[in-house]
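A quick write-up on the structure given underneath.
What follows draws every value from the coordinates through simple rules; no lab data is involved. None of these values were measured; they are calculated from a predicted model. Backbone-built Cβ (ideal geometry, glycine too); neighbour counts: all protein chains shown.
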Amino acid sequence: MSQVLDPRRWVAFKAHGAARMMIGVQACLEDVEGALLCGHVEAAMFQARSTVLRSLSILSLGRIEGEVMEPTELDQLNFNPFAGLDSDLVDRWLGFPRRILFATTQDERTAWLSELVGLLSMVERELAFDPPLEVLRSARGLSGILAVARHWEPQLTRFGIPSAFPREWQSKPNPTKGARTR
Amino acid sequence: MAKRIVNVREAAAIFQAAGFDHKAVIADLRGVFPGVQFIVATGSLFAGYGTPKSDIDIIAVVDTAKLSDLPILEYSASGRMDTEFYTLGDVTAMLDRVLEPDFVIDQLTPGGWRSDFRMLRTLTRLAHACVLEGTPTMWSRIAALQSTSFYCRIADWWTVEALRFRTGARWLSGSNPRLALLRYQDSAFAALSAFAAARGEIFLPRKWLGEKLRNLHAHAELETLRKIMTTDVAATDHEAFETMEEVLQTLLANAPPFDLELHLAAGVRCAKLGGVGLVERWGLRGREMPGAPTLIFDATQGQCIWRGSGIEARPPQALLELFIDDMLWLGARVGAPLEVGN
């Protein structure tokens, strides 16, 4: 048993960390694997970059500087995914994705992917869910994410923290929003 | 030049490779929603870039007033399929709106940005979709998305994003060089995405940018992409910033003049406490501001708190610090001044 100094931060870390891992990080890692299979190295680099930034953002959630609302990837302008994290850790992982562009052998690509998987394992250890989080894009994934929602969304509401689930799951785009005219 | 759309026979092969039968999928959807108007298969596999790990995305348009928004996931031994439902009214309204000659995509306010981004994401997926079943009217309306005017809409959206991110990167560079270099990269990715979109490669996910440029035989742009990708964002030396600025100077050489606005980010609240102010987000982190400046502390969500123009624009120091702390949202627009209709 360990002391929880800030229960609101702890709930934010657990709930948003689980959602970011299941909805974002796992999918990015699968994209990396798929891109490597097809020799799409730029796509592999892109998704490794997303995997790294999203993983760091989960670790950041556990620090007092971490932002709980992760914008959609294309709107992450001043969202800082490594706020509050040790600079050596940040530098190590920011420099990681580009290495795939210099990998020339299958062994190098395999080692690079293994290192990326290691980052996810580290983040999962920090989140410390028991049993471990399900893989969303698997047969048990939907029930897994619904279980996360059932346990953690009431806690987020209780502490006044925004939902951990994507806005897309909560409402469709509103096409009748007032248009701007030139 | 219009991008080639996968035909039904090719779509059937994609379904089969993923362990699905497209006719059974259509029959299942018809069984659940007899009023289904339109069924399309879309996603990266149908846009021409997918991998064995990619999902098949189905969009079903149903003639009803309201639907559950939760995507439905389905799995076979070898593949995954996500089905999303839209009402006919929503899809028709999106098509009407985006194809209006006077329509301007909102990238200036946080709420408008999110709403219009989601609309564009849906429409670009429809534009690349293979129609499995649908009425001729709906078919022709979707086909209108394969037009130069729609491609230009998407290219313009990316150009504004490139300008927005370049401005933000400059503002971040003094205090958080690692984050600034990441955002410089994002700006360049957006500028290259604008290049690809103007030539018909409008599928939004950036991860396929390399494949889009390869499809277009855009060798110089592909070289630029690799140059940006291989820049070490952890190095934070002067050379890395110079490289980014040089690349963007070229990529955005023909970008039009633009305006900027700052708004409070979602979840930000301000409190005047005597002579001092507290700006906090979600009650989880905050910043003390001596003097509680009126332009921040009297602002409400959705209200503009600062305006500027061009790449050299810079807000007052107090606002810059709040921007760096991710308490403010930066919007941008190009062209003539807009009248806000909402």
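When the range A:1-50 is described by a simple charge dipole with +1 on each Lys and Arg Cβ and -1 on each Asp and Glu Cβ, the residue from A:V11, A:L37, A:M22 located farthest towards its positive end is A:V11. Per-residue shielding of B:204-212, expressed as the average number of other chain Cβ atoms within 10 Å of the residue Cβ, stands at 6.
How much of the pair distance distribution for the range B:53-193 lies past 22 Å, counting alpha-carbon pairs only, in percent? Roughly 52 percent, once rounded to a whole number. All C-alpha pair distances within the range B:189-335, sorted into 10 Å bins from zero, spread as 10, 28, 27, 23, 10, 2, 0 percent across the bins. Taking every residue in A:89-97 and counting other chain Cβ atoms within 10 Å of its Cβ, the average works out to 3.
Can you pull the Kirkwood radius for chain A, inverse mean 1/r over Cα pairs, to one decimal in Å? Evaluated over chain A, this radius sits at 17.7 Å.
Each 5 Å bin from zero holds the following percent of Cα-Cα pairs in the range B:1-61: 4, 17, 29, 24, 16, 8, 3, 0.
Note on B:W282, B:W157: ascending count of other Cβ atoms within 10 Å places them as B:W282, B:W157, the fewest first. The share of Cα pairs per 20 Å bin across the protein assembly as shown, counted from zero up to the longest distance, runs 21, 59, 20, 0 percent. For the range A:1-77, applying the loop criterion from DSSP together with a ceiling of 15 other beta carbons within 10 Å to the trypsin sites (Lys or Arg not before Pro) yields A:R63. Relative to the Cα centre, the charge distribution of chain B, modelled as +1 at Lys and Arg Cβ and -1 at Asp and Glu Cβ, gives a dipole magnitude of about 320 debye. Using Cβ point charges alone (K and R +1, D and E -1), the dipole size of the range A:30-101 about the Cα centre works out to roughly 220 debye. Think of chain B as a dipole: +1 on every Lys or Arg Cβ, -1 on every Asp or Glu Cβ, centred on the Cα centre; then among B:A194, B:A265, B:G19, B:G19 lies furthest on the positive end. Across the range B:105-153, Cα-Cα pairs farther apart than 16 Å form 47% of the total. When A:H40, B:H217 are sorted by how many other C-beta atoms sit within 10 angstrom of their C-beta, beginning with the fewest, the order is B:H217, A:H40. Site-free segments of chain B were taken between trypsin sites (Lys or Arg not before Pro) in DSSP loops having at most 12 other Cβ atoms within 10 Å, sites themselves excluded; the longest one is B:67-342.
Partner shielding of B:114-121 amounts to 5, given as the average count of beta-carbon atoms from other chains within 10 Å of each residue beta-carbon.
Each principal axis of the Cα cloud of chain B was evaluated for its coordinate range; sorted largest first, these ranges are 68, 46, 42 Å.
Fewest neighbouring Cβ atoms within 10 Å first, the residues B:Y86, B:Y49 line up as B:Y86, B:Y49.
Long hydrophobic helices in chain B: the complete DSSP H runs spanning 18 Å or more by Cα along their own axis with mean Kyte-Doolittle hydropathy of at least 0.5 are B:177-198.
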